[in-house]
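Everything below concerns the one structure shown next.
The values are calculated or read from the model by the stated rules, or taken from the named source; none is laboratory data. Not measured: the values here are computed from a predicted model. So basically every Cβ, Gly included, is an ideal-geometry build from the backbone, and we count neighbours across all protein chains shown.
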Amino acid sequence: MRGFDYLIVGGGLAAVSAVDGIRELHPDASIAILSDETEPPYQRPPLSKEFLQYPDVPRSLLYVKPEGWYDEQASLQLVTRQKAMTLDPGAMRVTTARGTVYGAPRILLATGGRAKNLAVAGRDLPGVFTLRDVEDSEAIRAAGIEGTEAVLIGAGFVGMELAASLSAHGVSSTVVEALDRAWPRLLPPELARWVAGYFEERGVSFRFNAAVEGFMGEERLEAVLAGGRSIPCDFAVVGVGMDPCDGLASDAGLAVDDGIQVDAFGETSHPHIYAAGDVARFPDPVFGGRTRVEHWEHAREHGRRVGRNMTGERVPYDHLSHLFSRVFDLNVNVVGRPAAASEIVRWGEPGEGPSVTFGLAEGRVSGVVLLDAPAELEHARTLVRSRAAANLVGDLATRDFGSLDGIARLAAANAMEDQGIGEKYE
Ligand SMILES: Cc1cc2nc3c(=O)[nH]c(=O)nc-3n(C[C@H](O)[C@H](O)[C@H](O)COP(=O)(O)OP(=O)(O)OC[C@H]3O[C@@H](n4cnc5c(N)ncnc54)[C@H](O)[C@@H]3O)c2cc1C
């Protein structure tokens with residue numbers, strides 16, 4: 001058996017961030033990372049953006065750590081092309097597909113997720129893709145040459161970003177969505193309609209309320225059947241979300257429920273086995289209940305926090321969901337849960353300079369969407385995190401603040417006052 005102080009299963013952003021967290025408090029710890037990928041840990045957001053748009057970008061530009069970094073680190077072993085097959089919690093050991101056994105007194109599962117496919121006829125036809133790893137992105141890049149037509153299934157971030165990126169290559173896209181709008185889990189309906197219009201002006205077509213019934217073609221994909229109509233195309237990408245890779249944990253008897261269940265410290269139902277990143281379902285400190293988040297910032301922060309906790313520090317994970325995106329020339333930041341809002345208040349016109357949309361639910365700010373307003377990100381976080389009262393931002397409809405600074409500080413001060421601390425900001 002190969003023994004280490006810490007064993008990390010999975011080679012994504014959460015895994016590397018956990019190494020950073022462990023090393024901050026336990027600098028000389030021995031650590032092994034087991035990854036089933038061919039590449040060292042890399043960034044996934046560019047796979048649907050820059051990496052797809054610019055054919056000459058090498059894989060190494062995606063790496064989270066510079067090339068050679070792992071070899072330079074004392075007592076750190078990155079083992080690629082090595083899938084962990086079984087976890088024995090009693091012995092604290094993991095066995096890989098090659099039969100090698102790794103063990104450690106602390107184990108982290110950072111196995112992320114795999115792209116969902118659709119259970120319909122023709123899904124294995126050449127020309128039908130999903131997008132999760134660098135090989136997928138390269139295959140889509142090769143298919144998306146000028147003059148081709150693509151069907152993108154799902155108007156979530158993969159479908160929307162692909163539509164924008166592929167249009168840079170002269171590919172015309174039709175986005176097919178089973179629900180009634182673009183980015184349905186992210187944006188309030190009014191804003192979703194505006195975003196769809198923004199895409200249509202740039203040549204993207206949408207089919208809403210259309211479920212995919214099958215992929216058609218003899219040797220390779222020729223058309224997608226959706227909502228009772230056939231849409232001819234050269235290739236299609238299924239972007240309907242991911243399934244967490246939690247099989248290793250469930251087979252080992254750990255508590256799993258659409259993701260590996262962890263407490264606020266990242267510990268699973270088995271002591272000394274932890275989980276972090278896209279695969280972990282954790283207690284939501286802002287909205288209550290349990291949640292699983294599939295965003296870059298969460299993978300980085302959760303990985304690092306859980307890594308530190310594995311060394312013996314015990315600090316709960318304090319997270320507020322944040323997703324960023326860039327589509328055509330539009331910079332998008334979404335904080336909290338604006339899609340679930342019962343009412344919205346908007347500051348500024350989308351597409352005409354910075355615009356901020358507040359989602360309100362149960363008298364509180366539940367989420368904020370920033371379009372071309374990245375400078376307001378920290379203020380937006382403060383407003384959602386402090387569960388600012390709706391009437392505070394209601395004022396925004398009539399007053400020109402110019403920036404969220406004042407209102408965010410007021411919300412933070414009110415929250416502190418509610419807890420009996422601090423003076424109200426004037
Ligand atoms: C195309 C795309 C675009 C994105 N764009 C954005 C964006 O714009 N903004 C944003 O906030 N987020 C974005 N994300 C989401 C973000 O990239 C993820 O949240 C983040 O990568 C999650 O990191 P992770 O380490 O938890 O999981 P992953 O990145 O999935 O890493 C898990 C790793 O574990 C490996 N693994 C799994 N099982 C095993 C096993 N049994 N043995 C060994 N290895 C295993 C996997 O192969 C993988 O390498 C995007 C994701 C994709 C796919």
Q. Which pairs do you get when a residue that is of a type in the set (D, E, K, R) and modelled with pLDDT of 95 or more, found in the range 72-101, comes within reach of a residue that is surrounded by fewer than 18 Cβ atoms within 10 Å (Cβ to Cβ) and outside any loop (DSSP other than H, G, I, E, B), reach meaning Cβ atoms under 7 angstrom, with the pair 6+ apart or on two chains?
A. Arg93/Val101; Arg93/Gly103
Q) Counting just the residues of the range 22-36 that are assigned to a loop (DSSP other than H, G, I, E, B) and touching a helix residue (DSSP H, G or I) at 6+ places or on another chain (Cβ under 8 Å), which one comes out nearest to the ligand (Cβ to nearest atom)? A) Ser35
Q | Residue that is within 30 Å of Ile140 (Cα to Cα) and within 16 Å of the ligand (Cβ to nearest atom), where the choices are Val256, Val237 | A | Val237
Q) Is there any pair linking a residue in the range 127-138 that is at positive phi to one that is in a helix (DSSP H, G or I) and within 8 Å of the ligand (Cβ to nearest atom), with Cβ under 6 Å and at least six apart or on different chains, and which? A) none
**Q.** Enumeration of residues in the range 97-111 that are within 16 Å of the ligand (Cβ to nearest atom), surrounded by fewer than 22 Cβ atoms within 10 Å (Cβ to Cβ) and assigned to a loop (DSSP other than H, G, I, E, B)
**A.** Ala97, Arg98, Gly99, Thr100
Q) From the list Val79, Val64, Val19, Val9, which residue is assigned by TED's automatic domain parsing to the domain that holds Gly303 and away from the ligand (no atom under 11 Å from the Cβ)? A) Val19
Q. Which one is nearest to Cys233 (Cα to Cα) among residues in the range 131-155 that are small (Gly, Ala, Ser) and either part of a helix (DSSP H, G or I) or near the ligand (Cβ under 10 Å from one of its atoms) (or both)?
A. Ala143
Q | Test for Arg300: is it surrounded by fewer than 22 Cβ atoms within 10 Å (Cβ to Cβ), more than 21 Å from Ala182 (Cβ to Cβ) and more than 22 Å from the chain's Cα centre (by Cα) | A | no
Q) Just for strands (runs of 3 or more DSSP E) wholly inside the range 335-380: which have at least 1 residues that are small (Gly, Ala, Ser)? A) 355-361, 364-371
**Q.** Members of the range 282-326 found to be among the β-branched types (Val, Ile, Thr), in a loop (DSSP other than H, G, I, E, B) and in contact (Cβ under 8 Å) with a residue 40 or more places away in the chain, listed by number
**A.** Val286, Thr311, Val315
Q: Take the range 44-59 and flag every residue that is within 7 Å of the ligand (Cβ to nearest atom) and either within 24 Å of Asp71 (Cα to Cα) or crowded, with 22+ Cβ neighbours inside 10 Å (or both).
A: Arg44, Leu47, Ser48
